[in-house]
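Only one structure is covered here, and it is reproduced in the block below.
The values are calculated or read from the model by the stated rules, or taken from the named source; none is laboratory data. This one's a predicted model, so the numbers in the text were calculated from it and none came from an experiment. Glycine also receives a Cβ, built like all others from the backbone with ideal geometry; neighbour counts cover every protein chain displayed.
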Amino acid sequence: MQAEAQGNGGWSRLRMERASAVATVTLDRPEVLHALDAAMFDELERAFAELAADENVRVVLLTGSGERAFAAGADIRGLVETDAVSGRKVSARGQQVFSGVARCGKPVIACVNGVALGGGCELALACTLRLASERTRMGMPELKLGLVPGYGGTQRLPRLIGRSAALRLMLTGAIVDAAEALRLGLVDEVVPAGELMERARTMAEAMAAMAPLAVAGLLEAVGRGEGMELEAALAVEAEIFGRLCGSADKREGLTAFLEKRAAAWHGR
């Protein structure tokens, strides 16, 4: 495994590639359908910290290798010996890593190319948007194991699809297909399996063409405002709008519009 990690840029659980302004993070444990173990958490945390700090990367695609799975869920064998204390630490660790994905300051598109169950579904929920192949199956069946979703699912799912729909999905342990996931709002778009990454890249390139400071500001405004009363959230919006008005990118954007040319963004 060590030789494999050294030959893959130091990664043993994932692959990371950068092409222009778009980075692709690929979970790569196909023998266990990309089950999320402690080492996977460590590598996800490191990958997204690197990408957050890379000014050349403006959008991230997150997927699983092969066609069978985005991520099948937590590594069950690693949970067998947990008790009340260690179990809480496992949950807190998963929440920490997934919050790093959600708050990296750049759009993250989950390219769900197969099963996304339990922790795998929670990882997709931490992303900005979710594109699914027609082969996708998603769900949170943790109750069947005597557990609840522990990596943010009990909070992100109701915020995404509504309290009633989220409770029904979790309480029944239902695994839904791509069409039902789209109907529920669990995913944003369904495409043929062979077109998933192409469609995601097209979307990512459109986002990457936007002003990077404005993209980060938009994500910040939505993220900070989610838990606030409307008036407080509007104040956050005004704060970010004002900050951007003082940026060189805002001057470039308005000048380019008036001169009828493409803007050249510099991220400042």
So in the range 38-59, with the set limited to residues that are acidic (Asp, Glu) and surrounded by fewer than 16 Cβ atoms within 10 Å (Cβ to Cβ), which one is farthest from ALA116 (Cα to Cα)? GLU55
What number of residues within the range 206-227 satisfy the criterion of being exposed (fewer than 15 other Cβ atoms within 10 Å of the Cβ) and either part of a helix (DSSP H, G or I) or in contact (Cβ under 8 Å) with a residue 12 or more places away in the chain (or both)? 4
From the options MET197, MET170, residue that is under 30 Å from ARG88 (Cα atoms), modelled with pLDDT of 95 or more and assigned to a helix (DSSP H, G or I): MET170
Hey, any hits in the range 158-167 for a residue that's hydroxyl-bearing (Ser, Thr, Tyr), within 17 Å of ALA110 (Cβ to Cβ) and either surrounded by 15 or more Cβ atoms within 10 Å (Cβ to Cβ) or in the same structural domain as GLU55 (by TED's automatic domain parsing) (or both)? no
Applying the selection to the range 60-82, what residues are surrounded by fewer than 24 Cβ atoms within 10 Å (Cβ to Cβ), within 30 Å of ALA208 (Cα to Cα) and polar (S, T, N, Q)? SER65
Among the residues of the range 157-185, count how many are of a type in the set (Asp, Glu) and in contact (Cβ under 8 Å) with a residue 60 or more places away in the chain. 0
When the residues of the range 16-72 are filtered to those that are among the acidic types (Asp, Glu) and touching a helix residue (DSSP H, G or I) at 6+ places or on another chain (Cβ under 7 Å), which remaining residue is farthest from LEU219 (Cα to Cα)? GLU67
